[in-house]
Every structure is written in structure tokens, then in C-alpha cells.
Amino acid sequence: MEQVWIETFEGLNALEPEWKNAIARKSRLVSIPKETKVFEPGKSVNDMIFLLEGTVRVQQVSEGGREIVLYRIEAGQSCIMTASCLLGHEEYSAEGISETKIVAAVIPQDAFNELLANSASFRSFVFSTFSQRLAELMTIINEVAFRRLDIRLAQKLLDLSSNTHEVKITHQQLATELGTVREVVSRQLQEFHRRNWLELNRGLIVIKERRGLVELATKHD
């Protein structure tokens, strides 16, 4: 296999030529349709995933069915959940859902272990990615634990509507993004509607008064 895909990953592109060649020989490309479980809790991990096209949503689901989005894997990023499981010889503890059709390169566990043991550049790539994801997860924990839901919801709507006045999303999807339940999100959206900030439609939210959302999102608890 050609090394073209490796060049889209800055950390891999810095590898020694012999290890680039090793990855090229041992990797394979996979294509997965939209809205497919890429991995799920309890499943064994056999390959390291490098996303070339599309987006994967990584989320945690409680025994009661509540969901929270942990992070997203975008094109040009690797799956740190997979790397963590490979390092710890553990099964997946979260699930990954393809939000679009995805194309990924995967390398088998033995190749991952060999690279980790012998390439300082690959170790640096893996642990740098760990550091970035850990910072993101700490932010999520801080938001969920200490920041008011109305403020978080206002910020989420602003983020999702950065280039438009419309957000195509359901109340349940917003609840999953924020780590809460649909009923709570629906009540807060109704309050925003009462203030004339939003227009609510089925699967669609129209931003009418952006300034109100901005003022709330920048408010300190």
C-alpha cells in the first residue's frame, strides 16, 4: 500500500522511513457507512484506527440509557480510545458511531506494539494525542459538573450555528451532547423560545436573537 495516507498525519509523517514502510505494508483501508457502530463496549480491540475521511462520535452510555458525547474523531486524527485499549489490553468501554460515511486506515495490534516499542517518534505521536484528548475530557468534566445547563446549552447552540441561523438537531441529540436528559433540554429550549431567542421546529432550531444567547453563554455561574 502506498504511504499517501500516512502523510495526512503529522505525527506519522515524522516517523523514520523504515517504520513508515512497515505501516504501509501492514495497514489496510476500510470504508464504513454512516450511522454505523465502529466499536462498542465489551468488544475486543484488534486494530489501531486512523481516520482519513468523515467523523466518528465517541460517546459513553449509562446502564439507564443516558448518553454523553466524549469527543469526535475527525479526518486526520487517530482513535485514542482504541490506542488506550490496545495499551491496556482491555475491551472498549465506550462506543463510536460514524456520523458520516468514513474511510479509515487500520494497523493490527502486533504492528502497533512493534511501533510503540521501537519508534520514539511513534510513541511521541501516541502520547501527544493522549494529552490532547485528556485536556478535552477534563473540560467536559468541568462543564458537566460545575457549569449551569442553560449556559452550556446557549454555548452549544452558538457553536452549532456559527455560520448560519439554523441548527438541524433534535432535543435528544442536544441532550446527548450535553450529558443530560431530553426533558431538561426541552424545558430550557422552551424558555429560550419564550424569551424570543429561538424558533422551535421538529428537528430544527432557528436562532432569532443571537445576542441573548451570547450574553448568557458568557455569563459566569
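The values are calculated or read from the model by the stated rules, or taken from the named source; none is laboratory data. Quantities reported herein were computed from a predicted structural model and do not represent experimental measurements. Quick reminder, even Gly has a Cβ in these numbers, built from the backbone with ideal geometry, and neighbours come from all protein chains shown. Heads up: the accessible areas ignore ligands, DNA and RNA and are worked out on the full protein's heavy atoms, side chains in. Shrake-Rupley method; radii C 1.70, N 1.55, O 1.52, S 1.80 Å.
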Report task. Looking only at the stretch 59-80, decide whether some residue is at pLDDT 90 or above, in contact with a Phe, Trp or Tyr (Cβ under 9 Å, 6 or more places away or on another chain) and aromatic (F, W, Y). Result -> no
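Condition check ((1) farther than 28 Å from L178 by Cα; (2) without any contact (Cβ under 8 Å) to a residue 40 or more places away in the chain; (3) loosely packed, with under 13 Cβ neighbours inside 10 Å; (4) in contact with a Pro (Cβ under 6 Å, 6 or more places away or on another chain)) across all residues:
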site: S98; (1), (2), (3), (4): no, no, no, no
site: I102; (1), (2), (3), (4): no, no, no, no
site: E114; (1), (2), (3), (4): yes, no, no, no
site: S121; (1), (2), (3), (4): yes, no, no, no
site: S124; (1), (2), (3), (4): yes, no, no, no
site: A145; (1), (2), (3), (4): no, yes, yes, no
Requested in this report: Could you please find all residues in the stretch 1-43 being of a type in the set (F, W, Y) and more than 25 Å from the chain's Cα centre (by Cα)?
Outcome: W19
Query raised in the report: In the stretch 26-62, what residues are touching a residue at least 40 places away in the same chain (Cβ under 8 Å), surrounded by 12 or more Cβ atoms within 10 Å (Cβ to Cβ) and under 17 Å from E90 (Cα atoms)?
Result: V38, F39, E40, K43, V45, N46, D47, M48, I49
Query - Counted residues, the stretch 181-197 - those being touching a residue at least 12 places away in the same chain (Cβ under 8 Å) and either farther than 20 Å from E99 by Cβ or in contact with a Cys (Cβ under 8 Å, 6 or more places away or on another chain) (or both) - result: 10
Query - Given (1) in contact with a strand residue (DSSP E or B) (Cβ under 9 Å, 6 or more places away or on another chain); (2) over 24 Å from V181 (Cβ atoms), index of the condition P41 fails - result: (2)
Requested in this report: Return a yes/no flag: does the stretch 207-217 have any residue that is open to solvent by 60 Å² or more (accessible area, probe 1.4 Å), in contact (Cβ under 8 Å) with a residue 24 or more places away in the chain and under 18 Å from R72 (Cα atoms).
Outcome: no
Query raised in the report: Is at least one residue of the stretch 88-96 surrounded by fewer than 13 Cβ atoms within 10 Å (Cβ to Cβ), under 19 Å from R123 (Cβ atoms), free of Cβ contacts under 8 Å to residues at least 40 places away in the same chain and over 13 Å from the mean Cα position of the chain (by Cα)?
Result: yes
**Report entry** Hits in the stretch 147-169 - residues which are of a type in the set (A, V, I, L, M, F, W, C), closer than 21 Å to R66 by Cα and either in contact with a strand residue (DSSP E or B) (Cβ under 8 Å, 6 or more places away or on another chain) or open to solvent by 50 Å² or more (accessible area, probe 1.4 Å) (or both)
**Finding:** L157, I169
